[in-house]
Amino acid sequence: MMSDNGKPKVGIFGLTGCAGCQLNILNIEDHLLDILGLVDITTWVMAKQENSDGPWDIAFIEGSVAKESEVERVKKIRENSDVLIAIGACATHGGVPAIRNMRDIEEMKGTVYGAQTSHLDVIPIKPVSHYVDVDAELPGCPMDKMEFVRAVMALAMKKTPQIPNYSVCYECRVNENPCLLDEGKFCMGPVTQAGCDSLCPSYGAACEGCRGPIAQVNWGAEVKILKEMGATADQIRRKFLKYCPSTADMEEFQELTL
């Protein structure tokens, strides 16, 4: 399937979202030529005039699945790709758009579009992994561009991208950041997957949890901490679900007492 030049064929695709993760790829700047030296990007509507219909050695998908047409599109991309990587919070956890799942879809359509809504192709928003098998996920809003560079390099060598499986708190300790929870800020660092180099806390802003929960997350401990700080049940729920509404489908989350 590789190109005539021996490089893996790559496709980059966008579903429902802001396209910020694709933009972050363009913002790689110093590393963009390195990536182009490793792979042959044959499909990328955002950046190319002429695009291939596949197949691809590696496919990257940004955005959440929000329409029936996108379900079919994701399945087609999966069928024509050896490796499929979800990039960004929308693709990995539903992202901010999936907040609409918490409201009645028909009510929301009527509020935005009035009575003429029969033409709208709208379904509950889900991450890419809800419909197809995903080989790896690069979370974040937007995804960390250097994590993308490392992933491309690994995939070009037919290796699996290494994604951290520890919390943002670890990165804060390494960067010698003061604990924002101690400063009274509602920080999601203890339950959020690392990989961003504690970007927000390093600038004094509480982690918002955009990279999603770590494996074996201790939700109860975070709830206890936030409640002791004065957070209401509604504030805690909003914090947990802001970027990753699919968290609400997790059994551990459903068992929480907020």
- Message: Cβ-Cβ under 7 Å, sequence separation 6+ or interchain: first residue in segment 144-162 and not assigned by TED's automatic domain parsing to the domain that holds Val39, partner charged (D, E, K, R). Which pairs?
- Response: Pro161/Arg150
- Task: Would you check which residues across segment 167-200 are among the small types (Gly, Ala, Ser) and part of a loop (DSSP other than H, G, I, E, B) and list them?
- Result: Gly184, Ala194, Gly195, Ser198
- Query: Could you list, in sequence order, the residues of segment 239-258 that are surrounded by fewer than 20 Cβ atoms within 10 Å (Cβ to Cβ), among the aliphatic types (A, V, I, L, M) and not in a loop (DSSP other than H, G, I, E, B)?
  - Reply: Ala248
- Of all the helices (runs of 4 or more DSSP H) wholly in segment 62-134, which have at least 2 residues that are within 18 Å of the chain's Cα centre (by Cα) and not assigned by TED's automatic domain parsing to the domain that holds Glu208? 68-79, 89-93
- Message: Go through (1) surrounded by fewer than 22 Cβ atoms within 10 Å (Cβ to Cβ); (2) touching a residue at least 12 places away in the same chain (Cβ under 8 Å); (3) farther than 27 Å from Pro213 by Cα for Glu29 and report which single condition fails.
- Response: (2)
- Here the residues within segment 1-53 that are of a type in the set (Val, Ile, Thr) and assigned to a strand (DSSP E or B) are Val10, Ile12, Thr16, Ile41, Thr42, Thr43
- Within segment 220-235, is there a residue that is of a type outside the set (Lys, Arg), part of a helix (DSSP H, G or I) and buried (at least 21 other Cβ atoms within 10 Å of the Cβ)? yes
- Task: Being over 25 Å from Lys242 (Cβ atoms) and touching a residue at least 24 places away in the same chain (Cβ under 8 Å) is the filter here, so list the residues in segment 74-131 that pass it.
- Result: Lys75, Ile77, Arg78, Asn80, Ser81, Asp82, Val83, Leu84, Asp121
- Mind checking whether some residue in segment 201-209 is over 16 Å from Cys141 (Cα atoms), assigned to a helix (DSSP H, G or I) and touching a Leu at 6+ places or on another chain (Cβ under 6 Å)? no
- Item | Residue list for segment 144-179, restricted to those being among the polar types (S, T, N, Q) and over 24 Å from Ala91 (Cβ atoms) | Asn175, Asn177
- Item | Failed item, numbered, when Val191 is tested on (1) in the same structural domain as Gln22 (by TED's automatic domain parsing); (2) farther than 27 Å from Leu23 by Cα; (3) within 17 Å of the chain's Cα centre (by Cα) | (1)
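The values are calculated or read from the model by the stated rules, or taken from the named source; none is laboratory data. What you see is a predicted model; the values in this text were computed from it and never measured. Every residue, glycine as well, gets a Cβ built from its backbone with ideal geometry; the counts of neighbours run over all protein chains shown.
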